[in-house]
Number of protein chains: 2
Amino acid sequence: MSTMLEVAKKAGVSKATVSRVLSGKGYVSDATKEQVYKAIEEAGYRPNLLARNLASNKSECIGLVVTNTLYNGSYFSEILSQAAKKLEDNGRQLILVDGKHSAQEEREAIQFLLDLRCDAVIIYPRFLSIDEMDEIIDQYKQPIMVVNRKLRKHQSHCICCDHKGSSYLATKHLIERGHRDIAFITGSMDSPTAIERLAGYKEALNQYDIGINDNLIVQGKWTPGSGVSAVESLYQRQDKISAIVASNDEMAIGAMKKLNDLGISVPGEISIIGFDNIPTAPYLSPALSSVKDPVSEMISEVINRLISMLDGGYLSKENIFTSDLLVRNSVIDGPYKSKKWVDKH
Amino acid sequence: MSTMLEVAKKAGVSKATVSRVLSGKGYVSDATKEQVYKAIEEAGYRPNLLARNLASNKSECIGLVVTNTLYNGSYFSEILSQAAKKLEDNGRQLILVDGKHSAQEEREAIQFLLDLRCDAVIIYPRFLSIDEMDEIIDQYKQPIMVVNRKLRKHQSHCICCDHKGSSYLATKHLIERGHRDIAFITGSMDSPTAIERLAGYKEALNQYDIGINDNLIVQGKWTPGSGVSAVESLYQRQDKISAIVASNDEMAIGAMKKLNDLGISVPGEISIIGFDNIPTAPYLSPALSSVKDPVSEMISEVINRLISMLDGGYLSKENIFTSDLLVRNSVIDGPYKSKKWVDKH
DNA sequence: TTGTACGCGTTATCAC
DNA sequence: GTGATAACGCGTACAA
């Protein structure tokens, strides 16, 4: 790996001049410019980013932390592809690192990115509590953005959407179509999103004076397999059911599969609705309906703002957002072809 | 951000001592160790990775380049989760950067990682030709591993599987169950994988003396939507069909959906088989069968070897693999419940 | 066991 | 326009 010094010698100039040519800052005569370019070519020179970033204290790259337990889901793909697309027009690099599976490891991932002098870090948290994140934001000079959690202190550092609201809408939608015996499959209950979605379901039932039957609520773990298990539990409990709200599409698919195996037609006898609207979901209808989670809009928004501030040169952790929290409503996305409902068993 | 020097002063020692404590190399008395740790704590000190890596010329991290056009697929999740899991026990960081959508950008992504002094770079190429990659490997001192392409020159730097073979098996499987009118939906034909899968299909037909009917071969683009379009084309052509081989699961799902809409039962009237075995695929059977792509095994294998050589301290681009190319057979993964086949229309 | 001093490859601030 | 030279924060012989 040749260095700048070697290039400088080859071109018969000083390091400083080579640096000027590369950065475009400062005056260099066209003649020497020419020579420097030639020398760079000949030497096969590549600037050492470590040295550059160390000296300049920036990096032109943005870090993203996501837990690898989320890598399986289509949800994750959405986050990543959105972030990458947004950033690529901007000449900045997106660096993803693994948040692994504990709060401690998530914190380390953030620090790693910070230690690498990323211009900013975006985290889609899975284990860190909002208080811990508030604390981390306090600790560091660099801007840290949190997606999908409402922080207590640094409200301008987070962006999230209304999971409770969208779950409420989904449930309400079913109720208005005549369903009253609606089961609910939760996500992993250590996730705020899972809790919010459950709350939305309950709120809708309450509003329509439908009693909450705990037998109709089963715990899932976000995976298709846990959707299968959930339907098994429901089936054993023998309660009447005409519709199922699954806390994500993966579980909805698992539930659908199990109902099929039990000889129960979907959506003929039981309607299912999921969340997140994974790419293949639309192709599974009419069996499955899905509520779109605006995750891509959130990521998109975060990056837009981050970029505009970085480019504007006035990024600091104090003024990331002028507005406070951004909440978007979710949208019901699939057609509900089945209006009838029947007793189970 | 406090520096090592500040910590040293606070602890009343020199930088070197602090460095020794941190690295564990060299002798330090327990007493001073104690003081240093205390000072680190007090100062909230974090080592600057840029400086550390610059000085030591390593980074304890491994780079991965994948094109963001692949981020949507479940295939990508598989790659990433596998890589992350493998690396996490090892204390090394995985850094993902976007290969975007051209050979040039893929090359830049590799260079970026190299310039960041990653210990090794793994690329899952989409645009770079094998010759270009051979050339890049020549150019740099650091080890670069290529997944899913068979290189011409540096065969020890790549790992791939037998896409043609698995496609052959899938087709043969259908033939042996009595199918003769088998349609094929290709992937994007600028992808070697797509070409190989098509070749496997053709080989199976040839071997059983079934003529290749170009009307039964339609081009897809890996997406569910293109699976829908493909079935539309097939339907219009009015040829007899009893089974469809789709070059991936996403397209198989799209195809399934379209057949449903046309009132054609799957797999009652037409069997479908896909590839890659995405996480939700098993839950879509018996409608859909899928051939597992051993991508996770490939990634796993690459990382295993990389790690053992990094830890062994004898990693160089000359001796990455002792064995040459690693090819694994793919496995038929889903049950084929339907054995009957009928005419279409 | 600990400290000194130099090197890593840049950027940036001066003079010239 | 261009060239020294001091940072940047850390590793590491070598000396003490």
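For region B:222-267, the extents of the C-alpha atoms along the principal axes are 23, 18, 16 Å, listed from largest to smallest. Measuring r between the beta carbons of B:Gln207 and B:Leu262 and using R0 = 41 Å, the FRET efficiency lands at 0.85. The three principal axes of the Cα atoms in region A:234-314 give end-to-end lengths of 62, 25, 15 Å, sorted in falling order. When shorter helices are ignored and each DSSP H run of at least 4 residues is given -39500 (n - 2.57), the per-residue value for chain A at 222 nm works out to -14000 deg cm²/dmol. Pick out which of B:Gly211, B:Gly268, B:Gly12 has the largest mean-square fluctuation in a Gaussian network model of chain B, springs linking Cα atoms closer than 10 Å. Of B:Gly211, B:Gly268, B:Gly12, the most mobile in the Gaussian network model is B:Gly12. In this structure, A:Glu297 and A:Arg46 have a Cβ-Cβ separation that, at R0 = 51 Å, corresponds to a calculated FRET efficiency of about 0.85. The B-A contact accounts for roughly 5000 square angstrom of buried accessible surface, both chains included, probe 1.4 angstrom. For the segment A:43-55, counting C-beta atoms of other chains within 10 Å of every residue's C-beta and taking the mean gives 5. Do any residues of region B:209-238 show a loss of at least 30 square angstrom of accessible area between the isolated chain and the full protein assembly, using a 1.4 Å probe, and if so which? Residues shielded by partner chains are B:Pro224.
Give the accessible surface of region A:196-303 per residue, rounded to a whole number of Å², with probe radius 1.4 Å and ligands, DNA and RNA excluded. Spell out each step's value before the answer.
Values: 3580 Å² over 108 residues.
Per residue, region A:196-303 has 33 Å² of solvent-accessible surface.
Over region B:76-146, the reciprocal of the mean inverse Cα-Cα separation, the Kirkwood hydrodynamic radius, stands at 12.8 Å. When chain B is treated as a GNM with alpha-carbon contacts under 10 Å, the residue of B:Lys172, B:Lys38, B:Lys257 showing the greatest mean-square fluctuation is B:Lys38.
Looking only at other chains, what is the average number of their beta-carbon atoms within 10 angstrom of each beta-carbon in B:168-177? Before the final figure, lay out each step's value.
Details: counts 0, 0, 0, 0, 0, 0, 0, 0, 0, 0.
For peptide B:168-177, the averaged partner shielding equals 0.
Count the net charge of all other residues whose Cβ sits under 15 Å from the Cβ of B:Thr3, scoring Lys and Arg as +1 and Asp and Glu as -1. Neighbour charge sum, excluding B:Thr3 itself: +4. For the pair B:Leu22 and A:Thr3, a Förster radius of 45 Å applied to the C-beta separation gives a FRET efficiency near 0.95, rounded to the nearest 0.05. DSSP finds beta bridges in chain B, and of those with both partners inside it, around 5 percent are antiparallel. Taken about its Cα centre, chain A carries a charge dipole of about 540 debye when Lys and Arg each add +1 at the Cβ and Asp and Glu each add -1 at the Cβ.
Summarise the accessible area of the protein assembly as shown (1.4 Å probe, protein heavy atoms) by the percent that is carbon and sulfur. Percent of accessible area from carbon and sulfur atoms in the protein assembly as shown: 47.
Springs between Cα atoms under 10 Å define the GNM used for chain B, and in it the highest mean-square fluctuation of B:Ser23, B:Ser308, B:Ser129 occurs at B:Ser23. Rounded to the nearest 5, the antiparallel percentage of DSSP beta bridges internal to the protein assembly as shown is 10%. So what is log10(I(q)/I(0)) for chain B at q = 0.06 1/Å, when the Debye sum runs over its Cα atoms only? Summing over Cα pairs of chain B leads to -0.31. When the pairs A:Lys58/B:Lys221; A:Lys153/B:Lys100; A:Lys172/B:Lys292; A:Lys202/B:Lys258; A:Lys15/A:Lys141; B:Lys172/B:Lys258 are compared against a 29 Å limit on Cα-Cα distance, A:Lys58/B:Lys221; A:Lys153/B:Lys100; A:Lys172/B:Lys292; A:Lys202/B:Lys258; A:Lys15/A:Lys141 fall above it.
At 37 °C and 0.692 mPa s, what whole-number value in µm²/s does Stokes-Einstein give for the translational diffusion of region A:171-220, with Rh from the Kirkwood sum over Cα pairs?
Working: Rh = 11.1 Å.
After rounding, the answer is 296 µm²/s.
At q = 0.14 Å⁻¹, work out log10 I(q)/I(0) for region A:4-47 with the Debye formula, treating every Cα as an identical point scatterer and leaving solvent out; two decimals please. For the requested q values the scattering log ratios are -0.23.
With coordinates expressed along the principal axes, the C-alpha atoms belonging to the protein assembly as shown extend over 78, 67, 51 Å, beginning with the largest. Taking a sphere under 11 Å around the Cβ of B:Ile130 and counting the other residues whose Cβ falls inside, with K and R at +1 and D and E at -1, yields a net charge of 0.
The values are calculated or read from the model by the stated rules, or taken from the named source; none is laboratory data. Keep in mind that what you see is a predicted model, and the values were worked out from it rather than measured. Please note: Cβ atoms are built from the backbone with ideal geometry, for glycine as well, and neighbour counts cover all protein chains shown. The area values use the complete protein model at the heavy-atom level, side chains included, leaving out ligands, DNA and RNA. Shrake-Rupley method; radii C 1.70, N 1.55, O 1.52, S 1.80 Å.
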